[in-house]
Amino acid sequence: MTDLMEAVTSLAKRRGIAFQSAEIYGGLRSSWDYGPLGVELRRNIRNAWWRANVQLRDDVVGVEAAVITSPKVWQASGHLETFHDPLVECTNCHQRFREDHLQLSANADGIVLCPNCGGAEFTEPKQFNLMLKTFLGPIEDDDAIAYLRPETAQGMFVNFPAIQAVARKKLPFGIAQVGKSFRNEITPGNFIFRTREFEQMEMEFFVEPGTDDEWFAYWVERRMNWYLDLGVSKEKLRLRPHETEELAHYAKAATDVEYEFPFGWQELEGIANRTDFDLNAHQAASGEDLTYFDQEKEERYLPFVIEPAVGVDRALLTFLLDAYRVEEVPTAKGDTDKRTVLGLHRDLAPIKVAVLPLSRNEKLVPEARRVHDLVKPEWITQYDDAGAIGRRYRRQDEVGTPFCVTVDFDSLDDAQVTVRERDSMAQERLPIANLVAYLKDQL
Ligand code: ATP
């Protein structure tokens, strides 16, 4: 099964979706840069999330809070004290691991061996704080310490009264945010699954206490459906409610949307009932009134909060793994050939339309350019005239382009083009004049 991981990592690198950061210097461990197609795919993922969770709703608004955050925020939220992972060190090779991850690899007798050297002895677990620290200003002393946020959530909590006032929203309502978060992970890895710098899409949905269980169930279902609507295989998704002892310090309940990655079932997204923990903590620490005035009930209270949170990068890996397939296709000669397809949902596909002149013939090129100019303002498109047409189709299949438009010699006489659909490979001939309307309808 790790073949799939290798195939997808290699495709991502070969086609400029993601590659190792600073590769010319040998790279930085578990740090990745996104190339041209990765940028488009990420934008489409964010847009799909924003559309479902903000644009199409009346009860959610957005915020973009600062990444570098006052230590007071992390003091109050409990992150300075409790945002730890248990770190152990192999006494033989001195490699460090996250203890809870190591435990997962225990054999039937409960014995854990070092994944690096096979040693069986580890140091006692030490609590390791995951926050990335930096210094503001020229003097690196305690007063200058600031933190890169390990979650975007606190930006929603500390801005709750300000946003509630300007958006004039009644409960229940949510604040959504998409942005980078940073965690000094002990064991990053599995390509972009776990990295130290990653992007989150999070929402804090504020509700009246007592209605929180209901809203929690609502968001668990909504978030699961988001993946299904974007075409992720149903049998590879499941919900896993957390046991009480694994709940984060702020949560009353949590359920993960898990995906069956090639390296096992893992959290793709977490939905948590954070109660009024955070607002309460910030109210106490700041001395500001963070309560909400319920006009109908004529009372003030601290709302409870339901939080769905997912990483853009982890979602991207999921979409890639789930969409990747290699299939046999019949050739014109009567035998079969293999093609690699990224069966991405059309909303996610980085390139929506490719325009391909049959050849670089001097009469075809201007016509193909004209067709490209028609589609370019509507979608992210690509013009490709390099190589045999069959190979160019394969190149587009491999990155999930839903439609290829071919301009051939007949196009010069009949003003028509051939549109080929990615999955069925069905080809349809239609007038250039109808092309944009046709594609709009399909996309
Ligand atoms: P874990 O226990 O696996 O370290 P977590 O439960 O602490 O993860 P959350 O705090 O719930 O993770 O983060 C919400 C979401 O953000 C995760 O479901 C995941 O999609 C994403 N995420 C968290 N940490 C990372 C990371 N280091 N790299 C990439 N994505 C991450």
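The values are calculated or read from the model by the stated rules, or taken from the named source; none is laboratory data. Please read these numbers as outputs of a predicted model, since none were measured by experiment. Note: ideal-geometry Cβ built from the backbone for every residue, glycine included; neighbour counts use all protein chains shown. Surface areas here come from the heavy atoms of the whole protein model, side chains and all, with no ligands, DNA or RNA. Shrake-Rupley method; radii C 1.70, N 1.55, O 1.52, S 1.80 Å.
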Could you grab me the full set of residues in region 416-432 that are within 19 Å of TRP379 (Cα to Cα) and either surrounded by fewer than 11 Cβ atoms within 10 Å (Cβ to Cβ) or polar (S, T, N, Q) (or both)? THR418
Restricting to region 359-369, count the residues that are open to solvent by 70 Å² or more (accessible area, probe 1.4 Å) and either in contact with a helix residue (DSSP H, G or I) (Cβ under 8 Å, 6 or more places away or on another chain) or in the same structural domain as ARG43 (by TED's automatic domain parsing) (or both). 1
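Rundown of residues vs (1) of a type in the set (Val, Ile, Thr); (2) within 13 Å of the ligand (Cβ to nearest atom); (3) touching a Leu at 6+ places or on another chain (Cβ under 6 Å); (4) without any contact (Cβ under 8 Å) to a residue 60 or more places away in the chain, yes/no style:
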| position | (1), (2), (3), (4) |
| --- | --- |
| THR195 | yes, yes, no, no |
| ARG238 | no, no, no, yes |
| ALA251 | no, yes, no, yes |
| LEU268 | no, yes, no, yes |
Step by step: first the residues of region 242-272, then only those that are over 12 Å from MET224 (Cα atoms) and hydroxyl-bearing (Ser, Thr, Tyr), then the one that is surrounded by the most Cβ atoms within 10 Å (Cβ to Cβ). Which residue is that? TYR250
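List the helices (runs of 4 or more DSSP H) that sit entirely inside region 368-443 and contain at least 3 residues that are touching a residue at least 40 places away in the same chain (Cβ under 8 Å) and not charged (D, E, K, R). So that I can check it myself, show each step before the final result.
Working: elements: 389-398, 409-414, 432-442.
Per the criteria, 409-414, 432-442.
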Kindly indicate the residue of region 176-193 that is touching a strand residue (DSSP E or B) at 6+ places or on another chain (Cβ under 8 Å) and small (Gly, Ala, Ser) and also farthest from the ligand (Cβ to nearest atom) among those meeting that condition. ALA176
Sort out which residues of region 287-306 are within 16 Å of THR211 (Cβ to Cβ) and part of a loop (DSSP other than H, G, I, E, B), and write them in order of number. GLU296, LYS297, LEU302, PRO303
Can you tell me which residue is nearest to the ligand (Cβ to nearest atom) among those in region 197-210 that are open to solvent by less than 40 Å² (accessible area, probe 1.4 Å) and either over 18 Å from ILE175 (Cα atoms) or among the polar types (S, T, N, Q) (or both)? PHE198
Is it the case that some residue within region 1-11 is more than 16 Å from the chain's Cα centre (by Cα), farther than 22 Å from ALA323 by Cα and surrounded by 14 or more Cβ atoms within 10 Å (Cβ to Cβ)? no
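Considering only residues that are without any contact (Cβ under 8 Å) to a residue 40 or more places away in the chain and under 15 Å from LEU130 (Cβ atoms), which ones fall in region 67-100?
Initial filter on region 67-100 (without any contact (Cβ under 8 Å) to a residue 40 or more places away in the chain): 81, 88-95, 99-100.
Across region 67-100, the qualifying residues are GLU81, GLU99, ASP100.
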Among the residues of region 164-185, which ones are open to solvent by 10 Å² or more (accessible area, probe 1.4 Å), touching a helix residue (DSSP H, G or I) at 6+ places or on another chain (Cβ under 8 Å) and among the β-branched types (Val, Ile, Thr)? VAL178
Residue match in region 45-55 (condition: under 30 Å from ALA167 (Cα atoms), touching a helix residue (DSSP H, G or I) at 6+ places or on another chain (Cβ under 8 Å) and open to solvent by 60 Å² or more (accessible area, probe 1.4 Å)): yes
Within region 216-229, is even one residue assigned to a loop (DSSP other than H, G, I, E, B), open to solvent by less than 30 Å² (accessible area, probe 1.4 Å) and within 15 Å of the ligand (Cβ to nearest atom)? no
